[in-house]
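A short worksheet on the structure shown next.
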Amino acid sequence: QEKVDIRLHTIIYNLTDEIKKAMSGLLEPVFKEVYKGRAEVRDTFRISKVGNVAGCIVQDGVLTRDSEVRLLRDNVVVYTGKVASLRRFKDDVSEVKSGMECGVTLQNFGDVKQGDIVEAFVTERVATEVFA
């Protein structure tokens, strides 16, 4: 025997709010990209046990260790992934602001060249709205 859930509502607004919440749970989550900053690769360095390190200068915004990145070469995306490490001089840092230099390594990617652009972004979940 199937169990039926019956809910009583005295105010119609409570009913519509509950229907909206139930329907929102059924919708696929929507994600959007939020731009964080960009850096230009000025030079590359080969370091043993680390791999290729991109010596960059942050042109605008901020580059953070937890951000996702897109590597652009001649305005074509050649890599999309995450930052493996972010350093200023010999220190591990969590972020580098505009106008500062840093060393960046990318996860599972070592083919960084001088003149490439590292674009940082974060993917955020957007609250889905029913009956907008």
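What does the accessible area of Thr64 come to, in Å² to the nearest 10, when a probe of 1.4 Å is used?
Result for Thr64: roughly 20 Å² accessible.
Volume per residue, Å³, of the convex hull around the alpha-carbon atoms of segment 30-126?
Dividing the Cα hull volume of segment 30-126 by its residues yields 94 Å³.
Leaving out same-chain residues fewer than 8 places away, which lysines sit with a Cα under 29 Å from that of Lys97?
Lys32, Lys36, Lys49, Lys82, Lys113
Please list 3J(HN,Hα) in residue order for segment 72-79, calculated via the Karplus relation 6.51 cos²θ - 1.76 cosθ + 1.60 where θ = phi - 60°; whole Hz, with x for glycine and proline.
9, 10, 6, 6, 10, 6, 9, 7
If amide H atoms are built 1.01 Å from N in the plane of the peptide, which residues on other chains or at least 5 residues away come under 5 Å of the amide H of Tyr79?
Leu71
The values are calculated or read from the model by the stated rules, or taken from the named source; none is laboratory data. Note that this is a predicted model, so its numbers are computed, not measured. Side chains are part of the model used for accessible areas, which takes the heavy atoms of the whole protein and leaves out ligands, DNA and RNA. Shrake-Rupley method; radii C 1.70, N 1.55, O 1.52, S 1.80 Å.
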